[in-house]
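Notes for the one structure printed next.
Coordinate-derived values only; no laboratory data. Treat the numbers as computed from the prediction; the structure is a model and nothing was measured. Here the Cβ positions follow ideal geometry from the backbone for every residue, glycine too, while neighbour counts run over all protein chains shown.
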Amino acid sequence: MRSIFSHIAAVCTLFWPTWVVAQPDVTVFAAASLRDALEEAVAGYEGQVVVSYGGSGQIARQVAQGAPADLIILANEAWVDWLEEREALVAQSRNDLVGNRLVLVGPSGSAPLSEPTKEALFERLDGGRLAIGQVDGVPAGIYGRQWLEAVELWSVFTPHLAQAENVRAALLWVAREEAPLGIVYASDAQAEASVDVLYDIPSNLHDEIVYPMAMVAGRENTQAERFALYLYSPAVQDIFLQQGFMALETEQ
Amino acid sequence: MSLSVSLSHRYGDFHLDLAFEAGPGVTAIFGPSGAGKSTVAQAIAGLLKPDMGRIALNERVLVDERTFVSASKRRVGYVFQDGRLFPHMNVAKNLRFGARFAPSAHDVSEEGKIIELLGLQALQERRPHQLSGGEKQRVALARALLSQPELLLLDEPLSALDEPRKEAILPYLERLRDQVNVPIIYISHSVAEVARLADQLVILKAGQKVADGAVEIVLSDPAALPFVGVRQAGSVLRARVEEHGCDGLSQLSVSGGVLHLPGISAPVGAQLRVRILAQDVLISLEEPHGLSSRNVVPVEISALRRGDGPGVAVQMIAGQDRLLARITARAAEELALRPGLRCFAILKATAVPRASISQGGH
Amino acid sequence: MNLRPEEWDALLLSLKVSVWAVVISLPLALLVAWLLARREFPGKALLSALVHLPLVLPPVVTGYLLLLAFGRNGVFGKVLADWGITLAFHWTGAALAAAIMGFPLVVRAIRLAIEAVDPKLEQAAETLGAGRLHVFALVTLPLILPGILAGVVLGFAKAMGEFGATITFVANIPGQTQTLPSAIYALLQVPGGEAAALRLGILSLVVAIGAVLLSEWLARRVAERIGRK
């Protein structure tokens with residue numbers, strides 16, 4: 001019997017969570033659409049930064065439940081408001097990091113649309129569906145809905161939407177030609193070679209698309225502050241621009 | 001009605017190689033476990049494809065180089081050692097399972113006859129798990145019969161039962177043999193069962209046939225004694241009940257004389273087969289007087305065979321029957337026993353147990 | 001519990017999708033389970049691995065593979081489209097996704113049941129004149145009914161809860177492909193959607209418990225019918 005227990009003990013030590021010892025300097029929870037740009041930024045940073053990507057709602061809930069994040073960068077202001085109401089964020093630490101634009105995309109090779117009228121869009125759909133993030137949850141879906149409402153196409157197109165759990169899935173459907181049209185971020189469209197931008201959605205027809213960043217209450221530390229400042233540096237902002245994001249007029 | 005079998009099959013180290021013919025009535029395939037009996041049965045039923053061989057039933061080829069008739073088309077009614085009743089059907093449904101595949105239409109009177117023959121009237125609604133081992137085997141027998149087989153194959157049907165249950169089911173088998181016109185292959189490692197039921201006998205040892213022929217001849221053949229076993233060896237006599245004495249002894253006539261045996265319930269005139277173990281037979285050169293045994297039969301010695309041990313098997317002719325005695329080699333020498341010698345076989349009445357006497361036979 | 005019309009839609013759609021998922025997967029699951037339990041053939045291990053794939057792959061990957069295969073431009077999707085069968089962004093696609101995700105569970109339950117059937121009983125049926133199909137229908141099938149039932153319940157439960165592959169393959173279209181799990185997920189994406197999500201969660205729980213109770217009751221009936229208590 002003793003040998004059995006010693007074997008079990010030996011096996012258990014194999015799985016002992018050694019990562020507990022190697023704590024990173026900064027842990028960031030960030031919206032999934034930021035991945036490519038943030039990875040590049042982190043690669044150029046001197047210091048141990050771990051970034052966990054997910055949906056904004058998911059991140060907000062995890063942080064509210066005490067997830068070990070020092071910094072959050074979400075794609076949606078509503079969830080940051082929600083966290084502020086719960087006093088989960090360091091007061092006054094909230095700031096918009098970067099902006100984005102919406103575009104209408106089609107499978108690569110599609111001709112651009114000069115004017116997205118109802119008729120023109122229906123002709124492109126040809127019985128297919130308009131891919132979009134979930135219109136009441138996924139930020140890109142919420143902005144897309146605002147635009148459709150502004151141009152009075154919302155009620156017409158509601159039955160022709162294919163709502164995805166995140167904007168990348170909507171992009172995939174267009175890339176796979178399952179959906180002839182999609183509403184996605186300009187940054188996503190730029191990252192995917194199999195889609196072409198058909199139309200730039202005017203940014204005054206929906207809420208301003210911003211990625212607010214904030215520090216998590218109870219996790220304040222200088223390392224996180226240093227990394228946050230680094231993200232505002234011209235070098236990093238340049239990376240965001242190259243990836244299709246939009247620079248914001250900073251108030252700093 | 002005949003079954004012709006010739007088989008060659010290799011199974012690891014085991015090599016089965018034999019041929020035999022089986023006619024009407026009961027042909028027993030006898031041998032110790034591992035002799036290849038069940039392999040033969042499975043090959044006949046179509047559950048095993050032999051490496052080589054030819055099996056024909058009533059001129060219908062079941063197996064040869066080009067043919068392999070599937071089990072479902074052979075019309076061989078197989079009764080397994082373990083019954084194999086369908087647990088999700090009651091007895092009635094088990095019995096009728098084969099009828100839908102049988103060649104001729106369902107015959108209610110025939111069905112009733114078989115159900116009555118095997119005493120299953122009261123069991124119709126029971127589930128297999130509510131049956132005793134003997135009842136299960138009777139249902140399995142009836143089920144096989146009701147599929148209208150051309151051959152009935154009983155593969156150690158009693159070996160899973162204890163002695164009292166065996167005793168209880170044997171009369172059913174005897175009735176089956178005498179009343180149902182289907183040839184039966186009876187596979188067994190019990191000499192007692194073979195002696196009671198079989199007409200023909202094939203003895204297997206290590207995959208080879210070592211003896212075959214009429215059961216009376218093979219069982220009384222001194223040469224077959226090593227395969228049958230010295231304690232089990234003995235002859236089978238055909239007898240007729242002449243009268244029942246008030247002292248409990250009944251008088252039976254055999255072709256070579258008269259026997260007085262106890263505990264016989266068959267009516268006067270009934271044909272019986274009586275198995276007499278070789279070790280229960282004594283030999284006297286002169287007609288004995290002042291002997292307690294009532295059973296003395298004049299015989300002529302037909303064969304002697306010395307075994308590996310101290311015993312000698314002596315085969316004797318009594319009328320048309322044969323008797324087998326096993327005595328010591330020293331006694332055989334002192335009495336100067338030799339083929340052709342006329343002498344007397346002595347049999348103790350109480351040495352023949354009830355189980356060695358059975359009714360019927362051809 | 002007062003349900004809003006779109007919640008009713010989600011519930012009814014989930015039930016429809018799950019029932020169809022089980023209906024389309026059952027015959028194939030029976031065949032595959034029988035092959036795995038009773039036959040030796042080259043590629044058996046491969047077939048077994050393939051069947052179990054949805055169990056190990058992340059559901060989103062399964063959904064993606066489904067999109068590749070059964071989308072409008074997929075290998076099979078093109079052929080099916082010619083026959084007028086649409087799967088992508090359609091409830092039929094949700095049923096297919098749910099069927100594939102539940103397939104390993106259904107096959108496993110039935111395979112175990114087939115392995116538990118004594119082949120000697122099937123041999124006995126054969127010697128009584130039953131051909132292979134009759135043996136299966138009259139002996140094997142009744143004896144594996146409890147296993148089939150278990151497989152059906154597992155497959156149904158899996159289908160009711162399937163989310164990852166479904167949303168990747170057929171999106172989240174209210175009234176058409178928005179099943180209970182996608183509706184719950186959508187609600188959790190909005191601040192303040194917790195109460196409604198909880199309500200739908202309880203609804204799922206009720207359906208799940210109902211299904212299990214029903215299957216227990218059926219299993220007892222079947223057990224009595226096949227004489228095993």
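The table for this structure:
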item: Cβ neighbours within 10 Å from other chains - mean over C:187-196; result: 5
item: Magnitude of the charge dipole, the range B:234-359, Cβ model with Lys/Arg +1 and Asp/Glu -1, debye to 20; result: 380 debye
item: With 5 Å bins from 0: P(r) over chain A, alpha-carbon pairs, percent; result: 1, 6, 13, 16, 16, 13, 10, 8, 6, 4, 3, 2, 1, 1, 0, 0
item: Above-threshold pairs, the threshold being 23 Å between Cα atoms, out of B:Lys73/B:Lys205; B:Lys166/B:Lys205; B:Lys37/C:Lys120; B:Lys37/B:Lys166; B:Lys49/B:Lys166; C:Lys120/C:Lys158; result: B:Lys73/B:Lys205; B:Lys166/B:Lys205; B:Lys49/B:Lys166; C:Lys120/C:Lys158
item: Pairwise Cα inverse-distance average, inverted: Kirkwood Rh of the range A:96-156 (Å); result: 13.0 Å
item: Other protein chain Cβ atoms within 10 Å, averaged over every residue that makes up B:143-149; result: 2
item: Percent breakdown of C-alpha pair distances by 10 Å bin, ordered from the shortest bin, for the range B:234-359; result: 13, 46, 30, 10, 1
item: Positive-pole candidate from B:Gly269, B:Ser235, B:Leu249, dipole of the range B:234-359, charges at beta carbon; result: B:Ser235
item: Cleavage-rule hits (trypsin sites (Lys or Arg not before Pro)) in the range B:1-91: DSSP loop, at most 15 neighbouring Cβ within 10 angstrom; result: B:Arg66
item: Expected 222 nm ellipticity per residue - DSSP helices of 4 or more, -39500 (n - 2.57), all of the protein assembly as shown, to 500; result: -13000 deg cm²/dmol
item: Cβ crowding within 10 Å averaged over residues, with A:187-194, B:182-189 ranked highest first; result: B:182-189, A:187-194
item: Residues B:His289, B:His9, sorted so that the one with the fewest Cβ neighbours within 10 Å comes first; result: B:His289, B:His9
item: Segments A:26-35, A:114-123, C:133-142, A:44-53 sorted - mean Cβ within 10 Å per residue, highest first; result: A:26-35, C:133-142, A:44-53, A:114-123
item: Kirkwood hydrodynamic radius of the protein assembly as shown, from inverse mean 1/r over distinct Cα pairs, in Å; result: 34.7 Å
item: Value of D in µm² per second that Stokes-Einstein yields for the range B:136-267, Kirkwood Rh from Cα pairs, at 25 °C (0.890 mPa s); result: 146 µm²/s
item: Where GluC sites (Glu not before Pro) fall in DSSP loop in the range B:1-86, at most 12 other Cβ within 10 Å; result: B:Glu59, B:Glu65
item: Directionally averaged projected area (convex hull, Cα atoms, the range B:3-219), nm²; result: 11.7 nm²
item: Ordering of B:192-199, B:240-247 by packing [mean C-beta count within 10 Å, highest first]; result: B:192-199, B:240-247
item: DSSP-defined antiparallel bridges as percent of all bridges, the protein assembly as shown, nearest 5; result: 70 percent
item: GluC sites (Glu not before Pro) within the range B:101-188, DSSP loop, no more than 13 other Cβ atoms inside 10 Å; result: B:Glu125
item: C-alpha long axis of helix C:5-38 to longest principal axis of chain C, angle in °; result: 30 degrees
item: Charge tally in the Cβ shell below 15 Å around B:Tyr172, where Lys, Arg are +1 and Asp, Glu are -1, B:Tyr172 excluded; result: +3
item: √(5λ) per eigenvalue of the Cα gyration tensor, chain B, largest first, Å; result: 39, 26, 16
item: Estimated FRET transfer efficiency (C:Leu31, B:Gln130; beta-carbon r; R0 51 Å; 0.05); result: 0.90
item: Net charge of neighbours whose Cβ lies under 13 Å from the Cβ of A:Asp36, counting Lys and Arg as +1 and Asp and Glu as -1; result: -2
item: Chain C: projected area of the alpha-carbon convex hull, averaged over directions, in nm²; result: 15.1 nm²
item: Shielding score for B:72-82, defined as the mean number of other chain Cβ atoms within 10 Å; result: 4
item: Residues whose placed amide H lies under 5 Å from that of B:Ser302, excluding near-sequence neighbours; result: B:Gln315, B:Met316, B:Ile317, B:Gly340
item: Where only C-alpha atoms are counted, convex hull volume of the range B:115-195 per residue in Å³; result: 96 Å³
item: Mean Kyte hydropathy of -1.0 or more with a Cα span along the axis of at least 18 Å, helices from DSSP in chain A; result: A:2-14
item: Gyration tensor over alpha-carbon atoms, the range C:1-125, equivalent ellipsoid semi-axes in Å; result: 31, 20, 13
item: Relative exposure of C:Ile173, C:Ile144, B:Ile29, judged by other C-beta atoms within 10 Å (fewest first); result: C:Ile173, C:Ile144, B:Ile29
item: Förster-model FRET efficiency, 22 Å R0, C:Glu115 and B:Phe68, C-beta, rounded to 0.05; result: 0.25
